[in-house]
1. Excluding His171 itself, calculate the net charge of residues whose Cβ lies under 15 Å from the Cβ of His171, where each Lys or Arg counts +1 and each Asp or Glu counts -1.
2. So, taking all protein chains as they sit and a 1.4 Å probe, how much accessible area belongs to Tyr144, in Å² rounded to tens?
3. Mean shadow of the chain, computed from the convex hull of its alpha carbons, in nm²?
4. Note the angle between two axes, namely the Cα long axis of helix 13-22 and the longest principal axis of the Cα atoms of the chain, as a number of degrees from 0 to 90, rounded to the nearest 10.
5. At a 1.4 Å probe radius, carbon and sulfur cover how many percent of the accessible area of the chain?
6. Given contacts defined as C-alpha pairs under 8 Å and at least six residues apart, what's the relative contact order of the chain, whole-number percent?
7. Looking at the calculated P(r) for the stretch 70-152, what percent of the C-alpha pair distances fall above 15 Å?
8. Work out the length of the dipole vector of the chain about its Cα centre, built from +1 on the beta-carbon of each Lys and Arg and -1 on the beta-carbon of each Asp and Glu, and round it to the nearest 20 debye.
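The values are calculated or read from the model by the stated rules, or taken from the named source; none is laboratory data. All values derive from a computational prediction rather than experimental measurement. Counting neighbours? That spans all protein chains shown, and the Cβs are built from the backbone with ideal geometry, glycine included. Only protein heavy atoms, including side chains, enter the accessible area calculation; ligands, DNA and RNA are left aside. Shrake-Rupley method; radii C 1.70, N 1.55, O 1.52, S 1.80 Å.
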Amino acid sequence: MHCIAIFASGAGSNAQKIIDHFRGHPSIKVGLIVCNKPGAGVTRIAEKEGIPCLLIEKEGFFNGDTYIKELRQRKIDFIVLAGFLWKIPSALVQAYPGRILNIHPALLPKYGGKGMYGMHVHRAVIAAGDRESGITIHYVDELYDHGQIIFQARCAIEETDTPETLAEKIHSLEHEWFPKVIGQTIERTADLQNWR
Ligand code: GAR
């Protein structure tokens, strides 16, 4: 059984779709939610779904490795960032090589990097007058929004679109594609044994 940890900082609508997608799956399960924001919507989702939730704080996350031990103890072998707003420290990238996926709400390499998250992205896209946007699912490396791209999907932007209506279009694309792409990526990677 492959065991996913979902890292999230916000409402957790993507986390919910991922949990729904893998409920009852024969070989993949969501075993842990990791959150850096006490009270975030995703913590309530974890509670409702009966999934353990690990709240992390800055010092331990960036300067310690106890949480990596905890991930291993819980037999986590994939990490999925679903609206997680802290940079992933290199110790974690090295502990999970090629096993951390992120979703970004734009067509990378455009609109990526520090400070480019959530509505900030959609406001920048609308302000630039772009005619399309989309989602990017990519591997995580030591740089923000930089690792190898696995999948992109696009949507058109109409004259009447606002950052809010664009956010809705992007969320629909994310909900449609992220769980499937996670599943496909894990099945592909699962062949590579002895990675630890
Ligand atoms: C998603 O749109 C995700 O792409 C974005 O945060 C949102 C989380 O929504 N991530 C980033 O901007 C990362 N740079 P959710 O909490 O409803 O899943």
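1. Working: positive: Lys17, Arg154, Lys169; negative: Asp20, Asp161, Glu164, Glu168, Glu174, Glu176.
Computed value for this residue: -3.
2. Using a 1.4 Å probe on the heavy atoms, I get roughly 80 Å².
3. Average of the hull's projected areas for the chain equals 10.5 nm².
4. Value to nearest ten degrees: 50.
5. On the way: 5140 of 9750 Å².
Carbon and sulfur: 53 percent of the exposed surface of the chain.
6. After rounding, I find 20 percent.
7. 57
8. For the chain, the charge dipole is close to 540 debye.
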